[in-house]
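The structure appears below as structure tokens.
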Amino acid sequence: MKKQIEITVPHDFSAITLKQYIQFQKDMDTHEGDTEAQDAFLVYNLTGMTPDMIKELDGNTISNIRKDLTKLLQKTDYPLQRNITLEGVEYGFEPNLSQMPYGAYLDISKFENIQLNDDWPTILSILYRPVKKKKGALYEVEQYNGVEPWDEDKWWEVGMDFHFGCFFFFIRLYKDLVKGTLNSLKNQAEISPNIKSILEESGEAIQQLSNLQEKIS
């Protein structure tokens, strides 16, 4: 008797969590050069199918799933979501990056690079803080007082449509912000020596994402 398996293939990154995506990246990097292993991890990480289920699929089915997932990976141009409600709390993106609290700016600058990796939830907890006042599209967020370890947990199950929108928006604006900041503070010792490497590595991260898409294709 044939066994029927129901497979749900995501067609939008809202169905892929940050936790899934980062594990997918790690597996792809670990098995670089091994096409068969990468194909298996592509399906495993982005559909939630177990290895045993994947083994039962025929070649045509795997090929069709892979094509659908490849199409999914081509779409990363999501808009910034300025507000998001998690566990009953509304969080707002830093309303004005040019006036970002200096403590928040320094804490972000401590990272050697800004990528969609294990450090990303910490950066999100700096950029998104609870909304304390709101009127129409305008809002005010709570003062930045550092990030507690438990602040980061809430971001892992949020869809990648949110993360891509924030990541690319922030990187572009952060580059512009740093250029202006470097010009105005170039003689001040307090500016982080990591800023230049952050921008270089973040640019590489964007290129790596593009390379990953081409590799899967």
Exercise. So what's the gap between the Cα centers of region 57-93 and region 12-36, to the nearest angstrom?
Worked result: 12 Å
Exercise. Size of the dipole of region 18-136 about the Cα centre, Lys and Arg at +1 and Asp and Glu at -1 on the beta carbon, nothing else charged, in debye to 20?
Worked result: 1000 debye
Exercise. Considering only the other residues whose Cβ falls under 12 Å of the Cβ of Val131, what net charge follows from Lys and Arg at +1 and Asp and Glu at -1?
Worked result: +2
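Rule-based calculations on the coordinates, nothing more; no lab input. Fair warning: this is a prediction, and the values are worked out from it, not measured in the lab. Quick reminder, even Gly has a Cβ in these numbers, built from the backbone with ideal geometry, and neighbours come from all protein chains shown.
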